[in-house]
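Working notes, structure below.
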Protein chains: 2
Amino acid sequence: MSQTDGSHRPNQSTVLDTGLPWTGLLGRAGKTPKGSQIRELLAVTARPDVISFAGGLPAPELFPVEEIRQAADEVLRADGAAALQYGPTEGWQPLRELVASRLSRRGIGCSAGQVLITTGSQQALDLLGEVFLAPGMNLLVESPSYVGALQAFSPHRPSFVPFPMDEEGLAVEAVARWLEAERAEGRLSKAAFLYTVATFQNPSGVTMSLDRRLRLLELTRTFSLPVVEDDPYSELSYGSSVPPPLRAFAGGEDVIYLGTFSKVLSPGLRVGYVVAPQPVIDRMVLAKQGRDLHTDGLSQRLVLEFCRRFDPDAHVARLRAAYRVRRDAMLDALRHHMPSGVEWTEPGGGMFLWVTLPEGLETAALLADAVERKVAFVPGAAFHVDGSGANTMRLNFTNSTPEEINQGVVRLADSVRSRLERLA
Amino acid sequence: MSQTDGSHRPNQSTVLDTGLPWTGLLGRAGKTPKGSQIRELLAVTARPDVISFAGGLPAPELFPVEEIRQAADEVLRADGAAALQYGPTEGWQPLRELVASRLSRRGIGCSAGQVLITTGSQQALDLLGEVFLAPGMNLLVESPSYVGALQAFSPHRPSFVPFPMDEEGLAVEAVARWLEAERAEGRLSKAAFLYTVATFQNPSGVTMSLDRRLRLLELTRTFSLPVVEDDPYSELSYGSSVPPPLRAFAGGEDVIYLGTFSKVLSPGLRVGYVVAPQPVIDRMVLAKQGRDLHTDGLSQRLVLEFCRRFDPDAHVARLRAAYRVRRDAMLDALRHHMPSGVEWTEPGGGMFLWVTLPEGLETAALLADAVERKVAFVPGAAFHVDGSGANTMRLNFTNSTPEEINQGVVRLADSVRSRLERLA
């Protein structure tokens, strides 16, 4: 305390929160945030004896740690002061150029100026909410939808409009009928945007078919409906042919496209990106300034240096090979151990599959029993905005070994059977 | 495009934004974001022939680049996979503990659980806005105030209530009178919080006196008024005795305290923190989940490893020694070169000083002339919420050498003189 004025001693003791009436003070703004079930479950995940299918974690043993270490060494030797200094809100220009160039190879034509680097793609969702949403505007979502997106959008208090999914993904014709009805009532201007994880969806693992993609792009133009395509998983494909991203089609140039290095490199570095028409990027940049000024400068450079010095495609190929085995292990185990009446999706890629139990069997109630048997999952209700999905759950297959997956599914199947017997 | 379905070719060409009516679509949410003058000025800053007092940049030549490189090497060797994996929203626990322990040494008693790691302290401002503000609530600010805070709070459309400052900082008695009037009218519950940079303020360089700190803490209790103390600069003290942070006093336990490693280590790493009562932390954590899930895991570990392996206090002492010389160079140059009628503050620390020109001389208009003479600053109006401050400007003294500072002030004084002559 060398700098303190000697006449008053600051209080050195640890202090209890006994002062202001915080609950009341926090209530004044009239907001009622919902906690995420995922958060509480991550506590369970951390226990080493629990086999967790709950998180959305990539396999840490596949992180290219040594390559990142070499990249860090090089970046800090060659460009250290710049990496540690404030940087532009839009992102570090060479990384924006790398993203534009890599996307072009995947059919997504864009300029570096249309790329905004974000603090994970979670931040892109947050910024889109800030830019497009206001209380009462309609936000079209898949049901189920990514819970983190729902959490990012919720503070803006939109009216969520959920649409069902089947094995071909979002029920696009249901969207068409809704849009027509809204237009007939003169309410089309209340439709903020449609949010889709079109490929290997989180949480369902389902991929939108080619025909539906084309139809959705048609609806976009007909109804001037912005579409946000969140695409963290499409590079994690396990063999099956998948349609290109919506943004890659002729007529898809207006799609707002979200990507990330979280799933193909490292989520801890928090580097994502969004590709959007210039007016949208400009507004998102202003919003990002108020949020965090800019994304971590060292991590942006590590991503670029990794991609320059090493072969990111070869790394993704390794991930695909490993995750394919895990997906297959989970599908095999489900087939062998789950009682009849239980159904699940068969994802062609990504990190998740989706299990539907017989009606009346609530997965939220099942979870306590499952955790006692040392296996965890996310109950499906959190991914729905309309209270449905009580008999569904999300399973992650990338963060456990094939042996753990088999053992975990055995435990899970035991929980389900025991619950079914109690219900019978 | 190995994964694409062969029947449709995605469009490979770069595409113009000719599709949806984005301006109209973006207008639907009814938000009108203000651009920041600082953003445009950073473009000027980048030109090497311009001496810029505009940004708020630390001196990059003082970054401990080699130490950070060694820390990165060690972290990635010892704990690489964890550094690259998803982490808890609250922050990495060992870093929360380090912050609590370092703050305790400065008289700020808190537990690690009361510390939330944020993506720079800019994010702490954003989260506080989300948690406390709603349209029409009153937000008490210093005039001038930190422009980044105004930008973080503005999306929530509070009513800004500015209070004047003098050489002892915020006019706390004016705050007292306002609070009493609000209470008399039964409107006290509309007061969201008071935001202050009490020590070496950005932009003014002024420090709140001890008496005013004590009186402000008294008001906090009397009126149940939350106080947010943003304290990025207090460690950058150039010799004068300064009072402890508000949060360090007995009776200051309810102050919400924001700190950062941006100014004392590196802003590019984007690691800040907030200390607050548990109910506030809990709400901020929920908000942060929707914003960016968690702060960069590698950067959090780099900060801790740097503090463990090296002597952060010795590093801060080096910064203080260098910045003191620069502050003195700027004060000397102003005394030597500025025409009479120009006034400025004499900050005891921090990164900025504040210049007031004769009434009628608008710094926004002066800037174009100054930039032509290859010197830049931030016009003061941006730091005011009530349209005042047109004859003020903020000067940064940490990002230029003493020689550049002298040369830049010569150019700036020439601009002012030329402008004065035209007005005369």
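Here are some notes:
- From the options B:V385, B:V416, B:V410, residue that is more than 24 Å from B:L57 (Cβ to Cβ) and among the β-branched types (V, I, T): B:V385
- Pairs where the first residue, in region B:58-79, is more than 7 Å from every other protein chain (Cβ to nearest Cβ) and open to solvent by less than 30 Å² (accessible area, probe 1.4 Å) and the second is of a type in the set (K, R) and part of a loop (DSSP other than H, G, I, E, B), C-beta under 8 Å, 6+ apart: B:P58/B:K263
- If you filter region B:80-97 down to residues that are more than 9 Å from chain A (Cβ to nearest Cβ) and crowded, with 20+ Cβ neighbours inside 10 Å, you find that the one that is farthest from A:G80 (Cα to Cα) is B:E90.
- When region A:395-424 is filtered for residues that are closer than 21 Å to A:S340 by Cβ and charged (D, E, K, R), the ones remaining, listed by number, are A:R411, A:D414, A:R417, A:R419, A:E421, A:R422.
- The sole residue among B:L269, B:L286 that is more than 26 Å from B:E167 (Cα to Cα), facing chain A (nearest Cβ under 10 Å) and open to solvent by 10 Å² or more (accessible area, probe 1.4 Å) is B:L286.
- From B:F310, B:F306, residue being modelled with pLDDT of 95 or more and touching a His at 6+ places or on another chain (Cβ under 9 Å): B:F306
- Look at region A:130-155: where a residue is more than 10 Å from every other protein chain (Cβ to nearest Cβ) and a partner is among the charged types (D, E, K, R) and part of a helix (DSSP H, G or I), sitting 6+ places away or on another chain with Cβ atoms under 6 Å, you get A:N138/A:K190.
- Checking each residue in region A:272-283 for being in a helix (DSSP H, G or I), more than 7 Å from every other protein chain (Cβ to nearest Cβ) and either without any contact (Cβ under 8 Å) to a residue 40 or more places away in the chain or among the aromatic types (F, W, Y) (or both) picks out only A:D282.
- B:G297 being at pLDDT 95 or above and either buried (at least 24 other Cβ atoms within 10 Å of the Cβ) or not hydrophobic (A, V, I, L, M, F, W, C) (or both): yes
- Condition check for A:L298: among the aliphatic types (A, V, I, L, M), outside any helix (DSSP H, G or I) and within 10 Å of another protein chain (Cβ to nearest Cβ): no
- For region B:125-155, the set of residues classified as in contact with an Asp or Glu (Cβ under 8 Å, 6 or more places away or on another chain), part of a helix (DSSP H, G or I) and within 20 Å of B:L170 (Cβ to Cβ) consists of B:L125, B:A149, B:A152, listed by residue number.
- Considering residues of region A:101-124 that are free of Cβ contacts under 8 Å to residues at least 60 places away in the same chain and assigned to a helix (DSSP H, G or I) only, the residue least open to solvent (accessible area, probe 1.4 Å): A:A112
- Unique residue being outside any loop (DSSP other than H, G, I, E, B), closer than 20 Å to A:P162 by Cα and in contact (Cβ under 8 Å) with a residue 24 or more places away in the chain when the list is A:R221, A:R213, A:R247: A:R213
- Taking the conditions (1) on the phi > 0 side of the Ramachandran plot; (2) modelled with pLDDT of 95 or more; (3) open to solvent by 40 Å² or more (accessible area, probe 1.4 Å) in turn, A:W344 satisfies each one other than (1).
- Within region B:234-244, being closer than 13 Å to B:G259 by Cβ and either open to solvent by 10 Å² or more (accessible area, probe 1.4 Å) or without any contact (Cβ under 8 Å) to a residue 24 or more places away in the chain (or both) holds for B:S234, B:E235.
- Test: residue in region B:186-196 that is within 14 Å of another protein chain (Cβ to nearest Cβ), in contact with a Phe, Trp or Tyr (Cβ under 9 Å, 6 or more places away or on another chain) and surrounded by fewer than 18 Cβ atoms within 10 Å (Cβ to Cβ): yes
- Checking each residue in region B:348-390 for being under 23 Å from B:Q151 (Cβ atoms), under 22 Å from the mean Cα position of the chain (by Cα) and assigned to a loop (DSSP other than H, G, I, E, B) picks out B:G350, B:M351, B:F377, B:H384, B:V385, B:D386, B:G387, B:S388, B:G389, B:A390.
- Residues being among the charged types (D, E, K, R) and more than 10 Å from every other protein chain (Cβ to nearest Cβ) - total across region B:212-247: 6
The values are calculated or read from the model by the stated rules, or taken from the named source; none is laboratory data. Model, not experiment: these values are computed from the prediction. Note that each Cβ is placed from the backbone with ideal geometry, even for glycine, and that neighbours are counted across all protein chains shown. Keep in mind that these areas ignore ligands, DNA and RNA; they rest on the heavy atoms of the full protein, side chains included. Shrake-Rupley method; radii C 1.70, N 1.55, O 1.52, S 1.80 Å.
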